[in-house]
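**Q** First, the structure itself, so that you have it in front of you.
Values in this text are rule-based calculations from the coordinates and carry no lab data. In this text the structure is predicted, and so the values were computed from the model without any measurement. With ideal geometry, Cβ positions are generated from the backbone for all residues, glycine too; neighbour counts draw on all protein chains shown.
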Amino acid sequence: MLRFLTLGLLLFGLSAASPANWSWQAIDTGLEAAAKADRLLLLQVYAEWCHECHKLEADMRSNPTLARLLQEHFVPARLDIQSHRQVLYQGEALSEEQLSRKLRIPGPPVLMILSPDGKQLGRLIGYRPPDQVTGFLAQLRNKYVQSKP
């Protein structure tokens, strides 16, 4: 019996540690994908030097509940506050750095939820543990689904 319990715990641990099956997109391609799939866009505003940004991403990939919620109901996109890469946002060509200022980002990390047409629905500023991020995403997704005719 103990062998089965040990094997079960080992298999559960391996499945929980498997990598999430999603990848980051740029905001413009992410919004296109969100519109086609009728999903919300999760925008992670980050910087390469931001330790909390890397911790947040690791949490999103390693927490099974959070990873599944993101994979099944959101389009993940990233915005680098220091990048000069050009993106198109609501018909305007901007660098990611300019867009972060336009969106009034105080500094990374920030998680923003956008509707498929780019309207801001909510944001979390700073690092939050996985249970808070999961609750935030689930609440906004449910509100969005209920608001649809």
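**Q** Can you check how the C-alpha radius of gyration of the chain compares to 2.2 N^0.38 Å, as a plain ratio?
**A** Cα Rg divided by the expected 2.2 N^0.38 Å: 1.15.
**Q** Roughly what % of DSSP beta bridges within the chain run antiparallel, to the nearest 5?
**A** In the chain, approximately 60 percent of DSSP beta bridges are antiparallel ones.
**Q** Same structure again: Could you work out the local net charge near Val145, counting Lys and Arg as +1, Asp and Glu as -1, over the other residues with Cβ closer than 14 Å to its Cβ?
**A** Once all neighbours under 14 Å are counted, the net charge is +2.
**Q** Would segment 24-70 count as rounded, prolate or oblate if I go by the C-alpha gyration tensor, calling it rounded below 1.5 in a/c and otherwise prolate when a/b exceeds b/c, oblate otherwise?
**A** oblate
**Q** Determine the relative contact order of the chain: mean sequence separation of Cα pairs under 8 Å and six or more apart, normalised by residue count, in whole percent.
**A** Here the relative contact order equals 28 percent.
**Q** OK, next. Using only Cα atoms, find the angle between the long axis of helix 2-16 and the longest principal axis of the chain, and express it within 0 to 90 degrees, rounded to the nearest 10.
**A** 10 degrees
**Q** Then there's this: Can you return the lysines within cross-link range of Lys36? Criterion is Cα-Cα under 20 Å, with same-chain partners fewer than 8 residues away left out.
**A** Here the lysines satisfying the reach criterion relative to Lys36 are Lys119, Lys143, Lys148.
**Q** Along the Cα→Cβ direction, 7 angstrom out, place labels at Gln86 and Gln139. What is the inter-label distance in nm?
**A** Each label point is offset 7 Å from its Cα along the Cβ direction, giving 3.9 nm.
**Q** Could you tell me which of Tyr89, Gly135, His73 has its Cα farthest along the dipole of the chain towards the positive end, charges placed at Cβ (Lys, Arg +1; Asp, Glu -1), taken about the Cα centre?
**A** In the chain, that residue is Gly135.
**Q** Where the only charges are on Cβ atoms (+1 Lys, Arg; -1 Asp, Glu), what is the dipole of segment 20-147 about its Cα centre, to the nearest 20 debye?
**A** Dipole about the Cα centre, nearest 20: 300 debye.
**Q** Which one of Val110, Leu43, Leu121 is farthest out on the positive end of the charge dipole of the chain, using unit charges on Cβ (Lys, Arg +1; Asp, Glu -1) and the Cα centre as origin?
**A** So the residue we want is Leu121.
**Q** What distance in nm separates the simple spin-label points at Lys119 and Asn21, each placed 7 Å from Cα in the Cβ direction?
**A** Spacing of the two 7 Å Cα→Cβ label points: 3.3 nm.
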